Amino acid sequence: MTAVTTAIKPRGALSQSVRDSLIVAKRNLIRMARIPEVVIFGLIQPIMFVVLFSYVFGGSISVGGNLSPDVYREFLMAGIFAQTVTFATAGAGAGIAEDMHKGLIDRFRSLPMARGAVLTGRTLADLVQTTLTVIVLAIVAVIVGWRVHEGIPKMLAGFGLLLLLGYAFSWIGALIGLTVRTPEAATSGGLIWLFPLTFISNAFVPSNNMPTVLRHIAEWNPFSATVQACRELFGNLPPNYPVPDAWPMQHPVLASIIWSVLIIAFFRTLSVRKYRSAAA
């Protein structure tokens, strides 16, 4: 009888954790729907990046020896998509910091609910918002001339990798939100490290033209692995594009998955531990 009870208990705990996480996610989605300007402003920045980079830098940056604006536009879009899903990290951190500041996290901790459900629910809600943003951004990209050349299954796989990366980075945002004292600090802290991460990468320019040290950083950057994987899956790599010899660039899909899973495992553990001890 004892063995049966022991076997059932973990399943019950997992079921409660999933249920509590979905309830918290629903609460955050309802809250987002009641503040539509947050979603709208979140869409404006990536759309501006698409238009500005496509028409200002297109034709000025050589990709695989080609200066064509159309070639650069297709090369660019994977980087813009990846930047969009990672920049959502700042919003996730600010939202959790605001809940901390208002004492909502303390009220959640007083309830009989799974300890990690509050953070998991929040990150799931952010994932839904990020998905909507990526859909709108993809439509804008098609309008300005971006195309997919490898079929729908690979296209969906590419977007799946982008959302997985965004979900992984949302756990970094969660940890920042639990660590700082105000939503403003969470927003600033969530953006400071994102700029070097996204710009010391292959998102906007080929990494082979960078200084040696920066080139190695870019080639092993988890952000670069996802960008490279998406370019392969979307069919957006120019014919003469020199693929670096670094392992993540030679196996970008696998590298992207490994990086995202490791980030989730590491930062979720730290976030849940911080959540248990954090005070508003």
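Identify all residues within the range 203-235 that are under 19 Å from F53 (Cβ atoms), among the hydrophobic types (A, V, I, L, M, F, W, C) and open to solvent by 10 Å² or more (accessible area, probe 1.4 Å); write none if there are none.
F204, V205, M210
How about the range 54-83: which of its residues are polar (S, T, N, Q), at pLDDT below 90 and either in contact with a Phe, Trp or Tyr (Cβ under 6 Å, 6 or more places away or on another chain) or part of a helix (DSSP H, G or I) (or both)?
Result: S54, single match.
Inside the range 98-202, counting only helices (runs of 4 or more DSSP H) that do not spill past its ends, which hold 3 or more residues that are open to solvent by 10 Å² or more (accessible area, probe 1.4 Å), of a type in the set (V, I, T) and modelled with pLDDT under 90?
Once the helices (runs of 4 or more DSSP H) in the range 98-202 are filtered for at least 3 residues that are open to solvent by 10 Å² or more (accessible area, probe 1.4 Å), of a type in the set (V, I, T) and modelled with pLDDT under 90, what remains is 117-144.
Among the numbered criteria (1) open to solvent by less than 60 Å² (accessible area, probe 1.4 Å); (2) modelled with pLDDT of 95 or more; (3) more than 19 Å from A78 (Cα to Cα), which one does A278 miss?
Every listed condition holds for A278 apart from (2).
Taking helices (runs of 4 or more DSSP H) that do not extend beyond the range 204-280, which have at least 1 residues that are under 30 Å from R181 (Cα atoms)?
Ranges flagged: 222-234, 252-277.
Would you check if there is a residue in the range 237-248 being out of contact with any strand residue (DSSP E or B) (no Cβ under 8 Å at 6 or more places or on another chain), of a type in the set (D, E, K, R) and open to solvent by less than 10 Å² (accessible area, probe 1.4 Å)?
No, the range 237-248 has no match at all.
Among the listed residues I8, I40, which satisfies the condition of being within 23 Å of V136 (Cα to Cα), out of contact with any Pro (no Cβ under 7 Å at 6 or more places or on another chain), loosely packed, with under 13 Cβ neighbours inside 10 Å and at pLDDT below 80?
I40
Consider only pairs whose beta carbons are under 6 Å apart and that are at least six residues apart or on different chains; among these, list those whose first residue lies in the range 187-203 and is farther than 30 Å from D245 by Cα and whose second residue is assigned to a helix (DSSP H, G or I) and of a type outside the set (A, V, I, L, M, F, W, C).
G190/T89; G190/G93; G190/G173
The values are calculated or read from the model by the stated rules, or taken from the named source; none is laboratory data. Not measured: the values here are computed from a predicted model. Methodologically, a virtual Cβ is constructed for each residue, glycine included, from the backbone with ideal geometry; neighbour enumeration extends over all protein chains shown. Accessible surface areas use protein heavy atoms only, side chains included; no ligands, DNA or RNA. Shrake-Rupley method; radii C 1.70, N 1.55, O 1.52, S 1.80 Å.
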